[in-house]
Amino acid sequence: MTHDGSDQSNLILRASLPSAAQRWLDRALPQSLDIPSSIRIEQEGSLEIRARWTPFKASGVYKAPPLSFNWRARLRMMPGVWIIAEDGHEGGQGWGGARLWGIVSMGKRTDPEVLRAQLVRNLGELPWLPSFALIDSNLTWADVSETLFEVRCSAAGQEAMVRFEIDAAGDVIRAYSPSRPYDLPDGYAQAPWYYEFSDHREFGGVRIPVTAVATFEKEDGPWEYFRGRVTSVTYGTILS
């Protein structure tokens, strides 16, 4: 039972998860908690676009089960010029695109590679969504070592895997995928990809990393393209 007395008998038992994942959840979540059906995360930071770091403010809405998200960011390109960037996936469909001044389309992609890229991203952001680990039976867990565990998911024929590393305290400090697609002008390529997490704090009694840096390991070297900080977290309707 949760704090409000609602029945959550379908929760996944922590003891059934890999030992490193249990240590993370014991660190991140109270033993008795309310499970939200949605989580809104506000962020600010900068994105590397054409060799220039561009500031952004973003809001992402995450849901489970199954995992899905819709992320919208406003980027200030120059005085008087801004774009809305959107990423997400839901119901077996992934998307990514941008609109100048929030109106004029600058392109949108919905190919299968986009869905796989967004599945990898969604898994990689589980450290912001620890309560969802206990309600999404679509996730497959694997024990790697005392400090590493893997999580897999799939949708519409696309599969994703992310390996997580915890520190001595149980905080997740890294999320790594051996292969995540990224778009090119004429198609897609793929490369190893990872988040590095730091500055863990509590939001609403849940401990998550505040700071994240995302990097692709391309053939010509690492491409660090995202530097963000969580500024607020809002938990949606409680599951019953």
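The values are calculated or read from the model by the stated rules, or taken from the named source; none is laboratory data. Here the structure is a predicted model, which is why all the values come from computation and not from measurement. So basically every Cβ, Gly included, is an ideal-geometry build from the backbone, and we count neighbours across all protein chains shown. Only protein heavy atoms, including side chains, enter the accessible area calculation; ligands, DNA and RNA are left aside. Shrake-Rupley method; radii C 1.70, N 1.55, O 1.52, S 1.80 Å.
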Would you point out the residue of the stretch 149-172, among those that are surrounded by fewer than 18 Cβ atoms within 10 Å (Cβ to Cβ) and part of a strand (DSSP E or B), that is nearest to the chain's Cα centre (by Cα)?
R152
On the given criteria, is V144 β-branched (V, I, T), under 19 Å from Q22 (Cβ atoms) and under 12 Å from the mean Cα position of the chain (by Cα)?
no
Does the stretch 93-122 hold any residues that are among the hydrophobic types (A, V, I, L, M, F, W, C), loosely packed, with under 15 Cβ neighbours inside 10 Å and assigned to a strand (DSSP E or B), and which are they?
L100, V104, M106
Mind checking which residues of the stretch 183-202 are modelled with pLDDT under 95 and either surrounded by 14 or more Cβ atoms within 10 Å (Cβ to Cβ) or touching a strand residue (DSSP E or B) at 6+ places or on another chain (Cβ under 7 Å) (or both)?
D183
Within the stretch 195-212, restricting to residues that are out of contact with any Gly (no Cβ under 8 Å at 6 or more places or on another chain) and in contact (Cβ under 8 Å) with a residue 40 or more places away in the chain, the one that is farthest from L126 (Cα to Cα) is G205
Residue match in the stretch 75-85 (condition: open to solvent by 10 Å² or more (accessible area, probe 1.4 Å) and within 15 Å of D183 (Cα to Cα)):
yes
Per the filter on the stretch 213-238, residues without any contact (Cβ under 8 Å) to a residue 40 or more places away in the chain and of a type in the set (S, T, N, Q) are T215
So W223 clears everything in (1) open to solvent by 70 Å² or more (accessible area, probe 1.4 Å); (2) over 30 Å from R50 (Cβ atoms) except one condition, right? Which one?
(2)
In the set R180, R207, R227, the lone residue that is modelled with pLDDT of 95 or more, of a type in the set (K, R), closer than 26 Å to I35 by Cβ and assigned to a strand (DSSP E or B) is R207
